[in-house]
Amino acid sequence: MAGKASLRDLFFFSRIVLRRLRNPRSLWRKGGNSQTTQFKFQKYISLSCKPQLSSQTLIFDVEGLLLRSPSLFPYFMLVAFEGGGLLRSLILFLLYPFVCMVSQEMGLKIMVFVCFFGIKAESFRVGRAVLPKYLLNDVGLEGFEALMKFQRNVGVSALPRVMIEGFLRDYLGIEFAVGRELVVFRGYFLGLMEDKEKTSLVLEKMLGEDKPSSHVVGIAGSNKHLHHLLFSQCKEIYWVNEAEKRSWSHLPKENYPKPLIFHDGRLAFRPTPQATLAAFMWFPMGLLLAIIRTVAGLLLPYNISGPILALTGMRRRQTKPKSSPTTVSVIPTRKAKGTLYVCNHRTLLDPVYLSAALNKPLTAVTYSLSRVSELLSPIKTVRLTRDRERDAETMKKMLGRGDLVVCPEGTTCREPYLLRFSPLFAEMSDEIVPVAMDVEVSMFYGTTAAGLKCLDPLFFLMNPFPTYKVRLLDKVSGSSTCCDGGPSRFDVANHVQRRIGQALGFQCTKLTRKDKYLILAGNEGMVAAVGNINKPIHQRSDLVCSHES
C-alpha cells in the first residue's frame, strides 16, 4: 500500500510540473534587484497588431526569432573545419549522433568543447570572417522585419558570443549581443562555457548608466531562453513556434542592412549533417581528381588537356566581343608589342583560364603568389614589388616581349562586387582588353585570406564540377589618353572597372586589398603586418559606389 501511495504521489507531482511547463504565464524570474517579475505571454502573430513599437526596446532570442533552421550543428561544423581543421571536424561529425541523444544543453557543451578546445583566442576570426555569410543566409524575412520595428534591440543567443557577435553587430546593426562566454586560459579556449548568470552580467556592464526603457518587449522561440535573466525585464513576451518559422521566406540579399562583400573559409556549402557526410565521402575522390587535373594541365598542351579536363567535370564558358574593337583615344600612337589583358580577380587560376581561352601563352604579373604556385604555374609569372616606379618598368618590359595579363584589384572577391582597380595598368599600353571573369563552385572555395594560399588551386580543382566563365570585352586605350590631356589614369581604371562590372552584373566599390585583409585576417596582407578589425570597414555604405573618383 505504501508503494502504491508513493507512485500516486509521484504521478500527482508530475502532473503539476507538466501543467507548469505547459503554461508559460506562470513562469517568473528574479532580476538584478531580486524582485519577482510577472510577464504577459502572447502568440507571436499578435505582435503585428501592437502600436508604437518604434519607441520600445526588444530583447529577442536570436535562434528563435531570426534563424529559420532549428539546428546549430552547421555553425559548429564551420568553426571546427575552418578554425580547427579536417580532423576536428571529423570528430565533431562522428559525435553528432550522441549529441542528438543527450539534452540540448549537454549537446551544446559537447560541440563547444570539440570545436574550441585548444584554439588560440586572439587568432579566432571564424565568427567575423566565416559565420556571417551562413547566418545571413538562414535569416527569415518575417523575423527580420519584426526586429526592425523596434528602436533598440538586444540579441540573446545560446551560441558562444565569439560566434554570434560579429554577425549581429557588423551586419544587422544590433547594439547589444549577449552570448555564452568561453573560458580562456593563457590565451587559449578550454572549450568550456561560463554560467548563464555570469553571461547575463555582461549586458549590465555594457549598458552601464544607459538602461533599457521602462517597457521592454521580448520574443523567444523556446522555453530555454525564458530562463535567461534578461527576459526578467520584459513586460510582454511573444512566442515563435517552429510551424510559423517553416513558412517564413529567406531574407533577400538586397534587404541586408549592410552588404556582405567579404567572407572567408573553404566550405562553399551549408554543412548540414547530410551535406557534411557527402563532403567527407567526396574528399578522397576530390583529392585524386585534383591531382589528375593538375598533371593534365601542367604536362599537356591546351588542345589535348582541354578535352581531358572537360571529361573530368571541369567547365569553361568563353565569350568574345561581337562588335568591332573600340577605344577611347583619338590620337594614334606607337603600338606596343604585346596586348595588355585586364581582368577582375576571382581565383589564382584567372590568368591560366584566360591563356587557355585565347589558346596562346601569356605572362601574368602577381603581387603575393606563393613559391609553390609559381613553381607549378603552367604560364610565366612575374612578381611585382608594390613600388610604383619599379612595377611600371617591369610591366613595360614584359609588354615589350609579349602579351601580359594583370588583375588590378590586387586580391580576390567572392561576392558580386568589384574592388577598386589600381590605375597603374592604364599607363602601360594602348592595347587594353578588359576581361570579365566569374567562377561557380559547389563544395570548396579556391580562395582564402587567412589560410594557406598555396592550397587555393587544389581546393578549386577538388570541386566536382568547377565552372569558369571568361568574357572578352571591346578594347579600350590607356596610355595615350593619360599623356595627351585626355582622361586621367584614374578615369581609365574606373572605365574598365565599370565595363567589367556591367558585363558581370557586379557592383563596383572603393574597397581595396588592404580593406579585405584587415577584415578577414586582421592584417594588411603582408606577413609581418598587423591590423585592427574592431571597425568594420567593409560595412561602410560609402564604399559601395559608382565611379566618381
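The values are calculated or read from the model by the stated rules, or taken from the named source; none is laboratory data. None of these values were measured; they are calculated from a predicted model. Virtual Cβ from ideal backbone geometry, glycine too; neighbours counted across all protein chains shown. Side chains are part of the model used for accessible areas, which takes the heavy atoms of the whole protein and leaves out ligands, DNA and RNA. Shrake-Rupley method; radii C 1.70, N 1.55, O 1.52, S 1.80 Å.
For the residues 426, 436, 392, 364, the requirement of being in the same structural domain as residue 451 (by the TED database) and open to solvent by 10 Å² or more (accessible area, probe 1.4 Å) singles out 392. Which one is nearest to residue 314 (Cα to Cα) among residues in region 453-468 that are out of contact with any Ser or Thr (no Cβ under 7 Å at 6 or more places or on another chain) and aromatic (Phe, Trp, Tyr)? For region 453-468, the residue satisfying everything is 468. Quickly run through region 388-409 and pick out the residues that are farther than 16 Å from residue 506 by Cβ and assigned to a loop (DSSP other than H, G, I, E, B). Scanning region 388-409 gives 402, 403. The test for being surrounded by fewer than 18 Cβ atoms within 10 Å (Cβ to Cβ), at pLDDT 60 or above, part of a helix (DSSP H, G or I) and of a type in the set (Phe, Trp, Tyr) does not hold for residue 465. For region 60-88, a residue qualifies if it is outside any helix (DSSP H, G or I) and not aliphatic (A, V, I, L, M), and the qualifying residues are 60, 61, 68, 69, 70, 71, 85. Inside region 395-420, residues that are in contact with a strand residue (DSSP E or B) (Cβ under 8 Å, 6 or more places away or on another chain) and surrounded by 17 or more Cβ atoms within 10 Å (Cβ to Cβ) make up a count of 14. Inside region 147-182, residues that are acidic (Asp, Glu) and at pLDDT below 85 make up a count of 1.
As a summary of the residue check, residue 269 satisfies the conditions (1) aromatic (Phe, Trp, Tyr); (2) open to solvent by less than 60 Å² (accessible area, probe 1.4 Å); (3) over 26 Å from the mean Cα position of the chain (by Cα) except for the one numbered (3). Taking (1) part of a helix (DSSP H, G or I); (2) open to solvent by 40 Å² or more (accessible area, probe 1.4 Å) in turn, residue 122 satisfies each apart from (1).
Counting only helices (runs of 4 or more DSSP H) that sit wholly inside region 476-549, those with at least 1 residues that are at pLDDT 55 or above and within 25 Å of residue 368 (Cα to Cα) are 489-504, 513-520. Screening residue 174 against (1) among the aliphatic types (A, V, I, L, M); (2) closer than 20 Å to residue 115 by Cα; (3) not in a strand (DSSP E or B) leaves a single unmet condition, (2). A single entry from 114, 139 fulfils the requirement of being closer than 13 Å to residue 76 by Cβ and of a type outside the set (Gly, Ala, Ser): 114.
With respect to (1) within 22 Å of residue 357 (Cβ to Cβ); (2) at pLDDT 95 or above; (3) under 23 Å from the mean Cα position of the chain (by Cα), the lone exception for residue 435 is condition (3).
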